[in-house]
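Just passing along the structure, written as structure tokens.
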Amino acid sequence: MPMPSTVQLGTGQLAINQSFSIAVTGFQDPRLKRGVQRFMSDLSRQAGMLLTQSPAQSSSPTLLIHADHASEEVQRSDEDESYELAVSESNAKLSAANPLGIFHGLQTFLQLIAPIGDGFAVPVVTIKDQPRFVWRGLLIDVGRHFIPVDVLKRNMDGMAAVKMNVLHLHLSDNEGFRVQSKRFPKLHEMGSDGLYYTQQEIREFVAYARDRGIRVVPEFDIPGHSRSWFVGYPELSSSPGPYKIEPDGPNSVMDPTREETYKFLDKFIGEIAQLFPDAYFHIGGDEVDGQPWDANPQIQVFIHSHGMKGNQDLQAYFNQPLLKILTKHHKIMMGWDEILHPDLPKTIVVQSWRGQESLATAARLGYSGLLSFGYYIDLMWPAWRHYAVDPMADDAAAALRADEKRRILGGEACMWTEWVTSENIDSRVWPRTAAIAERLWSPQEVQDLGSMYARLGEVSWRLEWLGLTHRSGEFQMLHRMAGTDDISALRTLADVVEPVKDYTRISNVKGPWDFRAPLNRLVDAVGPESDPARRFGDLVERYIQSGYKDRAAAREIRTLLTAWRDNDAKLHSVLEHSFLLRDVIPSSSEAWRAQQLARIESAREAKADLLLMVATPVERLIEASASQTHN
Ligand code: ACM
């Protein structure tokens, strides 16, 4: 995963054993060498053997690697990432135009290795592979909750494993400014809780990304979402302040009417552009609250004296000097779809988040764009729902001409972190993001859900080898909540609940949302998608479809229902024992005792921001068996 564009499976296999060796011919450089070394250590770990052959020593290697030429100095968005991998019973050959393709091919090779009883092997196969879209990104919002460098790094390892190539960092928002600025130190000092990346750390993770064929695109969200700038520099804002990084403190947006705003941005972007070598620079531009502009008489005079119709025109005005500044610092402007305005040249890139139509509209008008609508992984959707979203498949995109379609560069999964911390981010990103990675890499026809879930399950545990904690992190959190070693009953419940969907959690908050609150409840620990609940639902369908004749399915259903019923008694003492778990009690009790539809209805309602995912299949069973009785 992602499924390669072409796979020809042969017969037989190539054994992977102690004598495994690699040779590298063609282009070589230290980065490629490090990539090959990482591959060797991944392979050693996976196959449980010490592989001692250093590359290029062997004249008839098990794996021959050949890259034609170097990658670009700074990775381009349109660089060749294709590779060919040919495995026979005696050896394997991996070739690519440049190291990017080699990195991807090595990941494919690792995924092909399977245990064969007395060792490991890779099947005989010929793979010719290339991405469908050039831009396959993951956005991580480090503004709402800071995500430390080591967590970014392991997530980049995950991205590389599924061939994603853009890490988009949302580096500032109302809740925090996360980059050290030497020119304007009050940005990170006063605009954060002390958690930010030093310039040295930025250089370090940008280099780490480059080693893995990943571009890092910085985003500083302006003129809205920018309170953290105003704590240290209130003169940038449209209202007097003062500002604090606090949930119920005043908020504002930047003042586009003052020359000084642009002087500041020019110096700031000049400094930051050096840290992020990528050609693209994201300026946000989303959800600009016009109220501070409406309330400022000077800004109103400016709007009228410049013949503007309103706040949208003022935002478009703001973007013009901003574009000049970015161009001066050799950056291409990117922004959310709100920046789309006929006054801006076609060189800008539009990231569509409010709907798929804006992507097609942008492409028709001549702008390049990428899709994030449908890829918001903070909304806790199941993988199949993201997988079904295709940048080219909605009516508007499908109706584009070929040249317009080429302007659709790809997409980005978006990890907004209002309800995410460094402790649980892995479980929000993985494994679902691998399904989005496949949508953006593999041919459009690759759509089979059974195959996707089978491969996603496999990729999921493989990703944990890289240091990701999307599975293991949950147990640590459950232990802490329960305050005991035996969490088996709690795990049984945790396995079949999911966090509430969409924006339900934030709308359940009474009073201002306090982003400083610890995220340490059951809803924060459990994954976004319950595999046992999905399998139970499939089992129930199988049973009903068989006309109640599938005895094996019936037995399995009965076993599960009985286990869940009996779990409740064991669970109660754990739940009552813990302050952090007490609000979960109704999720357990009502559910397992539900024998009537009214009870099921109640079990389906969210409690403690959790949804019981087996309620619907149980309801299907009850309804189906009721209608059977009537017949
Ligand atoms: C966004 O979600 N406001 C880009």
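Any residue that is within 16 Å of the ligand (Cβ to nearest atom), among the acidic types (Asp, Glu), out of contact with any Cys (no Cβ under 9 Å at 6 or more places or on another chain) and open to solvent by 10 Å² or more (accessible area, probe 1.4 Å) - is there at least one of those in segment 378-394?
No - not one qualifying residue is present in segment 378-394.
Checking the structure you have, find out if any residue of segment 525-546 is more than 24 Å from Ala563 (Cβ to Cβ) and either surrounded by 14 or more Cβ atoms within 10 Å (Cβ to Cβ) or not polar (S, T, N, Q) (or both).
no
Since Lys324 meets every condition but one in (1) part of a helix (DSSP H, G or I); (2) within 15 Å of the ligand (Cβ to nearest atom); (3) surrounded by fewer than 22 Cβ atoms within 10 Å (Cβ to Cβ), which condition does it not meet?
With (1) part of a helix (DSSP H, G or I); (2) within 15 Å of the ligand (Cβ to nearest atom); (3) surrounded by fewer than 22 Cβ atoms within 10 Å (Cβ to Cβ) applied to Lys324, the lone miss is (2).
Conditions first: (1) outside any loop (DSSP other than H, G, I, E, B); (2) open to solvent by 30 Å² or more (accessible area, probe 1.4 Å). Asp118 passes all but one, so which condition is the exception?
Checking Asp118 against (1) outside any loop (DSSP other than H, G, I, E, B); (2) open to solvent by 30 Å² or more (accessible area, probe 1.4 Å), the one that fails is (1).
If you don't mind, there's one more thing I want to ask. All but one of (1) at pLDDT below 90; (2) assigned to a helix (DSSP H, G or I) hold for Phe579; state the number of the condition that does not hold.
Failed condition: (2).
Mind counting the residues in segment 1-42 that are free of Cβ contacts under 8 Å to residues at least 60 places away in the same chain and of a type in the set (Asp, Glu)?
Of the residues in segment 1-42, 0 are free of Cβ contacts under 8 Å to residues at least 60 places away in the same chain and of a type in the set (Asp, Glu).
Another question, then. Output the residues belonging to segment 56-75 that are assigned to a loop (DSSP other than H, G, I, E, B) and open to solvent by 50 Å² or more (accessible area, probe 1.4 Å).
Correct list: Ala56, Gln57, Ser59, Ser60, Asp68, His69, Glu72, Glu73, Val74.
Being assigned to a strand (DSSP E or B) and either open to solvent by less than 10 Å² (accessible area, probe 1.4 Å) or in contact (Cβ under 8 Å) with a residue 40 or more places away in the chain (or both) narrows it down to one of Leu94, Leu100, Leu110, so name that one.
Leu94
So Ser358 fits all but one of (1) open to solvent by 20 Å² or more (accessible area, probe 1.4 Å); (2) within 15 Å of the ligand (Cβ to nearest atom); (3) in contact (Cβ under 8 Å) with a residue 24 or more places away in the chain; what number is the exception?
(3)
With the requirement that a residue be in a loop (DSSP other than H, G, I, E, B) and at pLDDT below 70, what does segment 593-631 give you?
Once the filter is applied, which keeps residues that are in a loop (DSSP other than H, G, I, E, B) and at pLDDT below 70, segment 593-631 yields Ala594, Gln595, Gln596, Asn631.
Gly450 passes all but one of (1) part of a helix (DSSP H, G or I); (2) surrounded by 14 or more Cβ atoms within 10 Å (Cβ to Cβ); which number fails?
All conditions pass for Gly450, except number (2).
Next question, about the same structure. Of everything in segment 343-354 that's surrounded by 15 or more Cβ atoms within 10 Å (Cβ to Cβ) and part of a loop (DSSP other than H, G, I, E, B), which residue is nearest to the ligand (Cβ to nearest atom)?
Trp353
Taking the residues in segment 361-377 that are within 20 Å of His168 (Cβ to Cβ) and in a helix (DSSP H, G or I) as candidates, determine which candidate is nearest to the ligand (Cβ to nearest atom).
Restricting to residues being within 20 Å of His168 (Cβ to Cβ) and in a helix (DSSP H, G or I), the top hit is Ile377.
Also, I was wondering about something else. Somewhere in segment 33-46, is a residue open to solvent by less than 70 Å² (accessible area, probe 1.4 Å), over 24 Å from Asp278 (Cα atoms) and of a type in the set (Ser, Thr, Tyr)?
Yes.
I'm trying to understand the selection: among the residues of segment 327-342, which are in contact with a Gly (Cβ under 6 Å, 6 or more places away or on another chain) and either more than 16 Å from the ligand (Cβ to nearest atom) or free of Cβ contacts under 8 Å to residues at least 40 places away in the same chain (or both)?
Across segment 327-342, the qualifying residue is only His329.
A follow-up question, please. Residue under question is Arg428, and the condition is that it be in contact with a helix residue (DSSP H, G or I) (Cβ under 9 Å, 6 or more places away or on another chain), within 16 Å of the ligand (Cβ to nearest atom), at pLDDT 95 or above and part of a helix (DSSP H, G or I); does it hold?
So Arg428 passes the test.
Also: Six or more apart or on different chains, Cβ under 8 Å: which pairs go from a residue in segment 384-403 that's in a helix (DSSP H, G or I) to one that's of a type in the set (Lys, Arg)? Could you list them?
His386/Arg432; His386/Arg439; Tyr387/Arg439; Ala397/Lys405
Separate question: Test Asp80 against the stated conditions and say whether it is among the acidic types (Asp, Glu), over 28 Å from the mean Cα position of the chain (by Cα) and open to solvent by 40 Å² or more (accessible area, probe 1.4 Å).
In short, no.
Would you tally the residues in segment 80-119 being small (Gly, Ala, Ser), at pLDDT 95 or above and over 24 Å from Gly158 (Cβ atoms)?
Total meeting the criteria: 6.
On to the next question. Scanning for something part of a helix (DSSP H, G or I), touching a helix residue (DSSP H, G or I) at 6+ places or on another chain (Cβ under 8 Å) and buried (at least 16 other Cβ atoms within 10 Å of the Cβ), does segment 21-32 turn up at least one residue?
Yes - at least one qualifying residue is present in segment 21-32.
The values are calculated or read from the model by the stated rules, or taken from the named source; none is laboratory data. Quick caveat, the model's predicted, so the values are computed rather than measured. Neighbour counts are summed over all protein chains in view; Cβ atoms, including those assigned to glycine, are modelled from backbone coordinates with ideal geometry. The protein model used for the area step is the full one, side chains on, heavy atoms only, and it has no ligands, DNA or RNA in it. Shrake-Rupley method; radii C 1.70, N 1.55, O 1.52, S 1.80 Å.
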